[in-house]
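So the structure is just underneath, and the comments pick up after that.
The values are calculated or read from the model by the stated rules, or taken from the named source; none is laboratory data. The structure presented is a predicted model; accordingly, all values stated were derived computationally and were not measured. Backbone-built Cβ (ideal geometry, glycine too); neighbour counts: all protein chains shown. Ligands, DNA and RNA are stripped out before the accessible areas are found, and what is left, the full protein with its side chains, is counted by its heavy atoms. Shrake-Rupley method; radii C 1.70, N 1.55, O 1.52, S 1.80 Å.
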Amino acid sequence: MVTVRRAALASSTAQALIAALNAELSALYPEPGATHFRLDPDEVAEGRGAFLVASVRETPIGCGAVRLLDATTAELKRMYVAPDGRGSGIGHQLLVALETEARNLGARRLLLETGPRQFAALALYARSGFVMTPAYGEYVGAPASICMAKSL
């Protein structure tokens, strides 16, 4: 049974999951200039965004965040499921919860950035209705960035 709950970005659980994500991204993109884009606590504060943790039997196994970019556009950030939880629908459940959070914030469009070597993530997002979109914001000019969008 998977539970998805809000968590503080500064919590030890959130920091451990983000550290695991960063380690995986560093291994996937070791070339110079590869960047792990940041997320600040105020961006996921109540009314501006949310940071969620997915757990199986109380064991944290994934995370993700959503932040408002403007009144009707939100961005998915720091989406991660630990390798031993992949392929079991946890990522999909987490994504659905994040989309709900975005709608509750008033967003009608959800953007995200991922990379070309994250095949499972690309497949999940495509199955969930995301389509490629031009690079935006901090991702413009980032060679290892793929940007996607979905209407909510």
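Name, by its number, the condition in (1) more than 11 Å from the chain's Cα centre (by Cα); (2) assigned to a helix (DSSP H, G or I); (3) charged (D, E, K, R) that does not hold for Arg117.
Result: Arg117 passes all but (2).
Scan segment 1-59 for residues that are assigned to a strand (DSSP E or B) and either closer than 23 Å to Arg86 by Cα or open to solvent by 60 Å² or more (accessible area, probe 1.4 Å) (or both) and report the count.
Initially, segment 1-59 is screened for residues assigned to a strand (DSSP E or B), giving 2-6, 49-56, 59.
The next check asks that each one be either closer than 23 Å to Arg86 by Cα or open to solvent by 60 Å² or more (accessible area, probe 1.4 Å) (or both); those that pass are 2-6, 50-56, 59.
Number satisfying all stated conditions: 13.
Of the residues Ser88, Ser128, only one is within 27 Å of Val140 (Cα to Cα) and either of a type in the set (S, T, N, Q) or in contact with a His (Cβ under 8 Å, 6 or more places away or on another chain) (or both); which?
Exactly one residue qualifies, and that residue is Ser128.
Just the residues that are over 12 Å from Val53 (Cβ atoms) and touching a residue at least 24 places away in the same chain (Cβ under 8 Å), please, taken from segment 97-111.
Selection gives Glu99, Glu101, Ala102, Arg103, Leu105, Gly106, Ala107, Arg108, Arg109, Leu110, Leu111.
Condition check: among the polar types (S, T, N, Q) and within 19 Å of Ser151 (Cα to Cα). Does Thr73 satisfy that?
Answer is yes for this residue.
Of all the residues that make up segment 60-92, how many are open to solvent by 10 Å² or more (accessible area, probe 1.4 Å), assigned to a strand (DSSP E or B) and of a type in the set (Val, Ile, Thr)?
Looking only at that region, the number is 3.
Given (1) closer than 20 Å to Leu124 by Cβ; (2) within 14 Å of the chain's Cα centre (by Cα); (3) hydrophobic (A, V, I, L, M, F, W, C), identify the lone condition not met by Val56.
Every condition holds for Val56 apart from (2).
Filter segment 102-146 down to the residues that are open to solvent by 80 Å² or more (accessible area, probe 1.4 Å) and charged (D, E, K, R), then identify the one that is farthest from Arg6 (Cα to Cα).
Arg117
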